[in-house]
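For reference, the structure is listed below as C-alpha coordinates.
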Amino acid sequence: MSSEEMLREVAAEVSTCSKCNLCKGRTKAVPGEGTPNAKILFIGEGPGFHEDRQGRPFVGPAGQFLDELLASISLKRSDVFITNVVKCRPPNNRDPLPEEISACNDYLDRQIAALKPRVIVTLGRYSMAKFFGNEKISAIHGRARKKNGYICIAMYHPAAGLHQASLKDTIREDFKKIPLVIAEAERMAAEVPLKVSEPVKPQEEPPQQLSLF
Ligand code: URA
Ligand code: SF4
(Lines give C-alpha, C1' and ligand atoms only; values in the text may rest on other atoms or scores of the structure.)
(Ligands and ions follow the chains in the order given, each with its own letter.)
Protein backbone atom coordinates (compact mmCIF):
# COMPACT_ATOMS: atom_id res chain seq x y z
CA MET A 1 0.00 0.00 0.00
CA SER A 2 1.29 3.50 -0.79
CA SER A 3 1.66 6.03 1.99
CA GLU A 4 -1.26 7.95 0.49
CA GLU A 5 -3.47 4.86 0.66
CA MET A 6 -2.36 4.11 4.22
CA LEU A 7 -3.19 7.68 5.31
CA ARG A 8 -6.55 7.55 3.56
CA GLU A 9 -7.36 4.27 5.29
CA VAL A 10 -6.53 5.75 8.71
CA ALA A 11 -8.66 8.85 7.98
CA ALA A 12 -11.62 6.70 6.94
CA GLU A 13 -11.42 4.61 10.13
CA VAL A 14 -11.03 7.68 12.34
CA SER A 15 -14.09 9.35 10.82
CA THR A 16 -16.37 6.60 12.19
CA CYS A 17 -14.27 5.46 15.16
CA SER A 18 -15.87 4.69 18.52
CA LYS A 19 -12.87 3.22 20.33
CA CYS A 20 -13.09 5.74 23.17
CA ASN A 21 -15.66 8.03 24.80
CA LEU A 22 -14.47 11.10 22.88
CA CYS A 23 -16.57 9.86 19.94
CA LYS A 24 -19.71 10.81 21.90
CA GLY A 25 -19.10 14.55 22.01
CA ARG A 26 -17.49 15.13 18.65
CA THR A 27 -19.02 16.91 15.69
CA LYS A 28 -16.33 15.73 13.27
CA ALA A 29 -13.30 13.58 13.93
CA VAL A 30 -10.03 15.25 12.88
CA PRO A 31 -7.68 12.65 11.37
CA GLY A 32 -5.01 15.13 10.28
CA GLU A 33 -3.96 16.42 6.89
CA GLY A 34 -1.06 17.26 4.63
CA THR A 35 1.04 15.68 1.93
CA PRO A 36 1.91 11.96 1.98
CA ASN A 37 5.43 13.08 0.98
CA ALA A 38 5.91 15.28 4.04
CA LYS A 39 9.45 15.34 5.41
CA ILE A 40 8.13 16.85 8.60
CA LEU A 41 5.25 15.73 10.81
CA PHE A 42 3.72 18.01 13.44
CA ILE A 43 1.82 16.32 16.27
CA GLY A 44 -0.46 18.44 18.45
CA GLU A 45 -2.72 17.51 21.33
CA GLY A 46 -6.30 17.23 20.12
CA PRO A 47 -8.99 19.12 18.20
CA GLY A 48 -10.51 22.24 19.77
CA PHE A 49 -13.81 23.96 18.97
CA HIS A 50 -12.98 25.06 15.41
CA GLU A 51 -11.21 21.83 14.49
CA ASP A 52 -14.20 19.80 15.70
CA ARG A 53 -16.53 21.87 13.51
CA GLN A 54 -14.40 21.71 10.38
CA GLY A 55 -12.80 18.28 10.75
CA ARG A 56 -9.38 19.84 10.12
CA PRO A 57 -6.39 20.25 12.48
CA PHE A 58 -5.13 23.62 13.73
CA VAL A 59 -7.67 25.92 12.07
CA GLY A 60 -8.40 28.12 15.12
CA PRO A 61 -6.18 30.82 16.69
CA ALA A 62 -3.37 28.35 17.50
CA GLY A 63 -3.54 27.25 13.88
CA GLN A 64 -3.12 30.82 12.64
CA PHE A 65 0.05 31.08 14.70
CA LEU A 66 1.20 27.71 13.33
CA ASP A 67 0.65 29.01 9.78
CA GLU A 68 2.79 32.05 10.62
CA LEU A 69 5.51 29.82 12.06
CA LEU A 70 5.48 27.62 8.96
CA ALA A 71 5.69 30.69 6.71
CA SER A 72 8.70 31.93 8.72
CA ILE A 73 10.64 28.90 7.45
CA SER A 74 9.12 29.11 3.96
CA LEU A 75 6.76 26.18 4.43
CA LYS A 76 3.07 25.85 3.71
CA ARG A 77 0.58 23.40 5.18
CA SER A 78 0.67 21.51 1.91
CA ASP A 79 4.41 20.85 2.41
CA VAL A 80 3.98 19.10 5.77
CA PHE A 81 1.61 16.79 7.65
CA ILE A 82 -0.26 17.92 10.77
CA THR A 83 -2.06 15.61 13.18
CA ASN A 84 -2.92 15.19 16.86
CA VAL A 85 -2.52 12.66 19.66
CA VAL A 86 -6.32 12.27 19.91
CA LYS A 87 -8.47 12.74 16.82
CA CYS A 88 -11.70 13.79 18.56
CA ARG A 89 -12.30 16.89 20.67
CA PRO A 90 -12.24 16.42 24.45
CA PRO A 91 -15.30 18.08 26.05
CA ASN A 92 -14.62 21.76 26.89
CA ASN A 93 -11.07 21.26 25.62
CA ARG A 94 -10.07 19.34 28.73
CA ASP A 95 -6.82 17.39 28.64
CA PRO A 96 -7.08 13.99 26.95
CA LEU A 97 -7.19 11.06 29.41
CA PRO A 98 -4.56 8.32 29.34
CA GLU A 99 -7.12 5.77 28.12
CA GLU A 100 -8.18 8.10 25.28
CA ILE A 101 -4.58 8.62 24.23
CA SER A 102 -3.90 4.90 24.23
CA ALA A 103 -7.15 4.12 22.37
CA CYS A 104 -6.12 6.56 19.64
CA ASN A 105 -2.41 5.71 19.58
CA ASP A 106 -2.64 3.10 16.83
CA TYR A 107 -3.89 5.71 14.33
CA LEU A 108 -0.95 7.98 15.13
CA ASP A 109 1.52 5.10 14.84
CA ARG A 110 0.07 4.15 11.45
CA GLN A 111 0.32 7.77 10.25
CA ILE A 112 3.97 7.87 11.33
CA ALA A 113 4.64 4.52 9.62
CA ALA A 114 2.96 5.75 6.41
CA LEU A 115 4.85 9.05 6.31
CA LYS A 116 8.25 7.95 7.64
CA PRO A 117 9.01 11.64 8.20
CA ARG A 118 12.59 12.90 8.37
CA VAL A 119 11.66 14.96 11.40
CA ILE A 120 8.83 14.82 13.93
CA VAL A 121 7.92 18.01 15.80
CA THR A 122 5.86 17.51 18.95
CA LEU A 123 3.64 20.45 19.91
CA GLY A 124 2.79 20.46 23.59
CA ARG A 125 3.14 17.93 26.35
CA TYR A 126 1.02 14.99 25.20
CA SER A 127 2.83 14.40 21.94
CA MET A 128 6.11 15.16 23.72
CA ALA A 129 5.38 12.40 26.25
CA LYS A 130 5.08 9.84 23.43
CA PHE A 131 8.70 10.38 22.44
CA PHE A 132 10.41 12.04 25.38
CA GLY A 133 8.71 10.38 28.39
CA ASN A 134 8.81 12.54 31.50
CA GLU A 135 11.38 15.08 30.31
CA LYS A 136 10.61 18.72 30.90
CA ILE A 137 9.71 20.94 27.95
CA SER A 138 11.62 23.86 29.50
CA ALA A 139 14.79 21.73 29.38
CA ILE A 140 14.51 20.09 25.95
CA HIS A 141 12.50 22.40 23.67
CA GLY A 142 14.02 23.15 20.29
CA ARG A 143 16.65 20.41 20.44
CA ALA A 144 16.76 17.53 17.98
CA ARG A 145 17.09 14.02 19.38
CA LYS A 146 16.71 10.56 17.93
CA LYS A 147 13.73 8.82 19.54
CA ASN A 148 12.00 5.58 18.49
CA GLY A 149 14.09 5.68 15.31
CA TYR A 150 12.93 9.19 14.34
CA ILE A 151 14.58 12.56 14.73
CA CYS A 152 12.25 14.45 17.03
CA ILE A 153 12.09 18.01 18.29
CA ALA A 154 9.86 18.98 21.19
CA MET A 155 8.28 22.43 21.03
CA TYR A 156 5.89 24.40 23.19
CA HIS A 157 2.31 24.24 21.98
CA PRO A 158 1.46 27.25 19.75
CA ALA A 159 -1.58 27.93 21.99
CA ALA A 160 0.82 28.48 24.91
CA GLY A 161 2.47 31.23 22.87
CA LEU A 162 -0.88 32.96 22.45
CA HIS A 163 -1.20 33.33 26.21
CA GLN A 164 2.41 34.21 27.00
CA ALA A 165 4.40 36.64 24.89
CA SER A 166 7.83 35.40 25.98
CA LEU A 167 6.92 31.85 24.91
CA LYS A 168 5.85 33.18 21.53
CA ASP A 169 9.40 34.34 20.89
CA THR A 170 10.81 31.05 22.17
CA ILE A 171 8.58 29.11 19.76
CA ARG A 172 9.62 31.40 16.89
CA GLU A 173 13.30 30.81 17.67
CA ASP A 174 12.81 27.05 17.98
CA PHE A 175 11.02 26.92 14.62
CA LYS A 176 13.95 28.57 12.89
CA LYS A 177 16.07 25.52 13.77
CA ILE A 178 13.83 23.15 11.80
CA PRO A 179 15.40 23.66 8.33
CA LEU A 180 18.87 22.90 9.68
CA VAL A 181 17.65 19.74 11.40
CA ILE A 182 15.93 18.58 8.19
CA ALA A 183 19.11 19.25 6.21
CA GLU A 184 21.14 17.25 8.71
CA ALA A 185 18.58 14.43 8.66
CA GLU A 186 18.71 14.33 4.84
CA ARG A 187 22.49 14.25 4.90
CA MET A 188 22.48 11.33 7.31
CA ALA A 189 19.83 9.47 5.29
CA ALA A 190 21.88 9.87 2.12
CA GLU A 191 24.95 8.46 3.89
CA VAL A 192 27.33 9.79 1.26
CA PRO A 193 30.16 7.24 1.12
CA LEU A 194 33.65 8.68 1.55
CA LYS A 195 35.87 8.56 -1.51
CA VAL A 196 38.74 6.13 -1.06
CA SER A 197 41.22 8.91 -1.80
CA GLU A 198 39.86 11.05 1.05
CA PRO A 199 41.64 10.66 4.34
CA VAL A 200 39.23 9.66 7.09
CA LYS A 201 39.31 12.22 9.85
CA PRO A 202 39.20 10.56 13.24
CA GLN A 203 36.41 11.59 15.62
CA GLU A 204 34.91 14.07 13.19
CA GLU A 205 32.47 16.38 14.97
CA PRO A 206 29.02 16.83 13.43
CA PRO A 207 28.43 20.27 11.93
CA GLN A 208 26.61 22.75 14.18
CA GLN A 209 25.43 21.99 17.67
CA LEU A 210 22.36 20.07 16.67
CA SER A 211 22.58 17.82 19.73
CA LEU A 212 21.25 15.01 17.59
CA PHE A 213 21.33 11.83 19.70
N1 URA B 1 -4.62 22.41 19.34
C2 URA B 1 -4.16 21.18 19.05
O3 URA B 1 -3.40 20.57 19.80
N4 URA B 1 -4.57 20.62 17.92
C5 URA B 1 -5.39 21.21 17.07
O6 URA B 1 -5.69 20.61 16.05
C7 URA B 1 -5.84 22.50 17.39
C8 URA B 1 -5.45 23.07 18.53
FE1 SF4 C 1 -11.45 6.89 18.10
FE2 SF4 C 1 -9.36 8.44 18.66
FE3 SF4 C 1 -11.79 9.52 18.37
FE4 SF4 C 1 -11.24 8.02 20.51
S5 SF4 C 1 -10.28 9.99 19.98
S6 SF4 C 1 -13.10 7.89 19.25
S7 SF4 C 1 -9.86 6.47 19.63
S8 SF4 C 1 -10.59 8.48 16.77
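The values are calculated or read from the model by the stated rules, or taken from the named source; none is laboratory data. This one's a predicted model, so the numbers in the text were calculated from it and none came from an experiment. Note: ideal-geometry Cβ built from the backbone for every residue, glycine included; neighbour counts use all protein chains shown. Side chains included, ligands, DNA and RNA excluded: accessible areas come from the protein's heavy atoms. Shrake-Rupley method; radii C 1.70, N 1.55, O 1.52, S 1.80 Å.
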Just flag the GluC sites (Glu not before Pro) in segment 43-91 sitting in loop per DSSP whose Cβ has no more than 13 other Cβ atoms within 10 Å.
none
Enter the accessible area per residue of the chain (Å², integer; probe 1.4 Å; all protein chains in place).
54
Can you tell me the 0 to 90 degree angle between the C-alpha axis of helix 165-175 and the longest principal axis of the chain, rounded to 10?
50
Heavy-atom accessible area with a 1.4 angstrom probe orders Leu115, Leu180, most exposed first, as Leu180, Leu115
Helix 61-72 against the longest principal axis of the chain: what's the angle in degrees, Cα atoms only, rounded to the nearest 10?
20
Per-residue SASA entry for Met188, accessible area with 1.4 Å probe, Å² rounded to 10
50
Treating the angle as unsigned and between 0 and 90°, give the value, to the nearest 10°, between the Cα long axis of helix 98-115 and the longest Cα principal axis of the chain.
50
Its Cα gyration tensor gives segment 14-85 an equivalent ellipsoid whose semi-axes in whole Å, largest first, are 23, 13, 8
For the chain, compute Rh as the Kirkwood radius over C-alpha pairs and then the Stokes-Einstein diffusion coefficient at 25 °C and 0.890 mPa s; write the answer in µm²/s, rounded to an integer.
137
As a check on your grasp of the helix formula, calculate [θ] at 222 nm for the chain: sum -39500 (n - 2.57) over DSSP H runs of n ≥ 4, divide by the residue count, round to the nearest 500.
-13000 deg cm²/dmol
In the full protein assembly as shown, how much of Asp109 is accessible to a 1.4 Å probe, in Å² to the nearest 10?
60
Using a 1.4 Å probe over the heavy atoms of the protein chains, calculate the carbon and sulfur portion of the accessible area of segment 3-209 as a whole percent.
51
